[in-house]
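Read the structure below first, then the notes.
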Amino acid sequence: MLRVEGLSKRFDTVAAVDHLSLDVYQGEFFALLGPSGCGKTTLLRLIAGFERANAGRILLDGIDLAAVPPYRRPVNMMFQNYALFPHLNVEANIAFGLKQEGLSRDEIAQRVADIMALVKLETFGRRRPHELSGGQRQRVALARCLVKRPRVLLLDEPLAALDRKLRDETRFELMALQRRLGLTFVIVTHDQSEAMIVADRIGVMDRGRLVQVASPVEIYERPNCRWVADFVGNVNLFEGRLGDDGTSVESATGRLRVAAKIDAEPGAWVWVAVRPEKVRITHEPPPDLENCVAGTVVDIGYLGDLSIYNLLISDGSRMKAAIANSGHSTERTIRPEEQVWLSFLPEAATALTR
């Protein structure tokens, strides 16, 4: 539905978007994830028409949008600060775009009432923005975008201003709303958990380029490089040379093994990535010393549902393990300064060649 082809945008000597290509499908909830300054918002503004590209094309349903001004594009953008008119009440804020299109008073009233019911704002129509909570202002901004029935809704950090509990609740409401309307949503965020929860697919950006585009599960479980593995969630990375059998890696911590054959030549430098929640901690060494390393507990972070263990391992580097707190005891069986063994299954490891 939405196609970006070789898009570039420069600000002086800085390439905010650098020869980027992307396809977004009808009815998809697509997330752009990346660190601050990677070009996510610039890409959104290019699609909306608020910035002009230096090269490349943006096509919506096969139509090149280059000559279409922002107010004529069948897309709408919800800004991070919501950009509500402070002198207008909720109804007038939502109706503003429809009035600019010259719709009849009756049609405007009906569409505003319908969208206010959809986002649960029926009783707030006469209030001004300063009389609303952060979550209510967010709903007004969302309703103002949706009331024009865009083909694509662009959301720039839409939940950033909300407190954590409200943000967690609103994520699922946003997903339900998108499914109910059947619209295409493109959301920009630097919050990894937000992208993982709401999106059908995620595009991970760095320095103006897409590094990987895949489902949340694939991004997390099968990152295509060290940068994605390190950026999305926590990860333990081990460097070593690939063995002749194609599945073993000789590292400074000992021999490591992965389940699938690694696509590299024997002797090549590769990396083994293991997520902290897939690491086991025991007081005794396991029978098989592959994928096993001795360590000392440095710190323990208690998060309620799980505990994060920060450990110093035999080669002098640090390693993390995340253990679920499934029992009812308040006593930890593993304490700081204890000597322990860390291990993981070959199926829990991902091999990376770059």
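The values are calculated or read from the model by the stated rules, or taken from the named source; none is laboratory data. All figures in this text were calculated on a predicted structure; none of them were measured in a lab. Quick reminder, even Gly has a Cβ in these numbers, built from the backbone with ideal geometry, and neighbours come from all protein chains shown.
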Count of segment 150-179 residues which are in contact (Cβ under 8 Å) with a residue 24 or more places away in the chain and basic (Lys, Arg): 3
Tabulated pairs, segment 7-33, first closer than 18 Å to Ile219 by Cβ and touching a residue at least 24 places away in the same chain (Cβ under 8 Å), second of a type in the set (Gly, Ala, Ser) and part of a loop (DSSP other than H, G, I, E, B), C-beta under 7 angstrom, 6+ apart or interchain: Leu20/Gly208; Phe29/Ala199; Phe30/Ala199; Ala31/Ala199
The listed residue being surrounded by 15 or more Cβ atoms within 10 Å (Cβ to Cβ), in contact with a Phe, Trp or Tyr (Cβ under 6 Å, 6 or more places away or on another chain) and not assigned by TED's automatic domain parsing to the domain that holds Asp263, out of Asp206, Asp200: Asp200
Flag if Ala95 is in the same structural domain as Leu181 (by TED's automatic domain parsing), modelled with pLDDT of 90 or more, surrounded by fewer than 17 Cβ atoms within 10 Å (Cβ to Cβ) and of a type in the set (Gly, Ala, Ser): no
Checking Asp245 against (1) closer than 24 Å to Pro266 by Cβ; (2) buried (at least 16 other Cβ atoms within 10 Å of the Cβ), the condition it does not meet: (2)
Qualifying residue in segment 78-100 (condition: in a helix (DSSP H, G or I), aliphatic (A, V, I, L, M), without any contact (Cβ under 8 Å) to a residue 12 or more places away in the chain and farther than 20 Å from Phe185 by Cβ): yes
Subset of segment 1-59 [out of contact with any His (no Cβ under 8 Å at 6 or more places or on another chain), basic (Lys, Arg) and surrounded by 18 or more Cβ atoms within 10 Å (Cβ to Cβ)]: Lys9, Arg45
Conditions (1) under 20 Å from Thr184 (Cβ atoms); (2) surrounded by 11 or more Cβ atoms within 10 Å (Cβ to Cβ); number of the one not met by Gly62: (2)
Yes/no for Phe172 being assigned by TED's automatic domain parsing to the domain that holds Leu43 and either surrounded by fewer than 17 Cβ atoms within 10 Å (Cβ to Cβ) or part of a helix (DSSP H, G or I) (or both): yes
Test set (1) at positive phi; (2) touching a Gly at 6+ places or on another chain (Cβ under 9 Å) - Arg275 fails condition number: (1)
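Yes/no per residue for (1) on the phi > 0 side of the Ramachandran plot; (2) in contact with a Leu (Cβ under 7 Å, 6 or more places away or on another chain); (3) at pLDDT below 95:
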{"residue": "Gly125", "(1), (2), (3)": "no, no, yes"}
{"residue": "His130", "(1), (2), (3)": "no, no, yes"}
{"residue": "Val147", "(1), (2), (3)": "no, yes, yes"}
{"residue": "Gly182", "(1), (2), (3)": "yes, no, yes"}
{"residue": "Ile187", "(1), (2), (3)": "no, yes, no"}
{"residue": "Ser193", "(1), (2), (3)": "no, no, yes"}
{"residue": "Ser215", "(1), (2), (3)": "no, no, no"}
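Quick one: how many residues across segment 17-49 are in a strand (DSSP E or B) and more than 19 Å from the chain's Cα centre (by Cα)?
So in segment 17-49, the residues in a strand (DSSP E or B) come out as 17-24, 29-33.
Those still in the list that are more than 19 Å from the chain's Cα centre (by Cα) too: 18-19.
Residues in segment 17-49 being in a strand (DSSP E or B) and more than 19 Å from the chain's Cα centre (by Cα): 2 in total.
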